[in-house]
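One structure below.
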């Protein structure tokens, strides 16, 4: 038995964060992906509680004011955030919850009441030239969009030292192995194994019964 983890993955666009998040969940399907709340209207095919929790702006603000959001931000006129309730329930049941968020969201979660459960990982590219190459290889963004992502990357990378772990994604398979190693070690930390005291008492009782 153990308490679940809040796994925060952050990186500049193109460094491999989303790919690694997907691989981590395929490696361990019990890892839950944090479902965000938003004030934007649902798109065709989206369901409340699956893609997002959809709320009015008043509802969202009440959740923020009542401490019901681990992190939140306004993006292009809509509010987005991570509801606290489902995350608390999951980690209390020993489930890990994965957050694919930027440094600002990560900072808010680390400073929240669940900060002690956080394992934060920042993913760096091997070089800025390679970062740009990866963005261009997607062949889905204009030169203007790529230039904007590259400009934002400098600010994002400047926060690398705020994270518990830093991975340099030179090779996606190697980075995945390192990510699995981090998660395995964090799950085995003494303070996260909630049944450990009782287990050791049982071992000591066995010693007493042998005398």
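The values are calculated or read from the model by the stated rules, or taken from the named source; none is laboratory data. Remember, predicted model here, so these are calculated numbers, not experimental data. Positions of Cβ are backbone-derived with ideal geometry, glycine not excepted, and every protein chain shown enters the neighbour counts.
Can you pull out every residue in the stretch 122-131 that is within 19 Å of residue 102 (Cβ to Cβ) and either part of a helix (DSSP H, G or I) or free of Cβ contacts under 8 Å to residues at least 12 places away in the same chain (or both)?
To start, the set of residues in the stretch 122-131 that are within 19 Å of residue 102 (Cβ to Cβ) comprises 122-125, 128, 131.
128, 131 - these are the residues of the stretch 122-131 that are within 19 Å of residue 102 (Cβ to Cβ) and either part of a helix (DSSP H, G or I) or free of Cβ contacts under 8 Å to residues at least 12 places away in the same chain (or both).
Residue 164 passes every criterion in (1) more than 17 Å from residue 123 (Cα to Cα); (2) at pLDDT 95 or above apart from (1).
Is it the case that residue 170 is surrounded by 10 or more Cβ atoms within 10 Å (Cβ to Cβ), touching a helix residue (DSSP H, G or I) at 6+ places or on another chain (Cβ under 7 Å), at pLDDT 95 or above and within 30 Å of residue 134 (Cβ to Cβ)?
Numbers: surrounded by 10 or more Cβ atoms within 10 Å (Cβ to Cβ): yes; touching a helix residue (DSSP H, G or I) at 6+ places or on another chain (Cβ under 7 Å): no; at pLDDT 95 or above: yes; within 30 Å of residue 134 (Cβ to Cβ): yes.
Taking the combined requirement at face value, the residue does not satisfy it.
The listed residues are 28, 96, and the only one of them that is crowded, with 20+ Cβ neighbours inside 10 Å and at pLDDT 95 or above turns out to be 96. In the set (1) surrounded by fewer than 17 Cβ atoms within 10 Å (Cβ to Cβ); (2) under 13 Å from the mean Cα position of the chain (by Cα), residue 77 fails one condition alone, (2). Looking at the stretch 1-112, the helices (runs of 4 or more DSSP H) lying wholly inside it that each contain 3 or more residues that are within 30 Å of residue 128 (Cα to Cα) and either in contact (Cβ under 8 Å) with a residue 24 or more places away in the chain or touching a strand residue (DSSP E or B) at 6+ places or on another chain (Cβ under 7 Å) (or both) sit at 17-27, 103-110.
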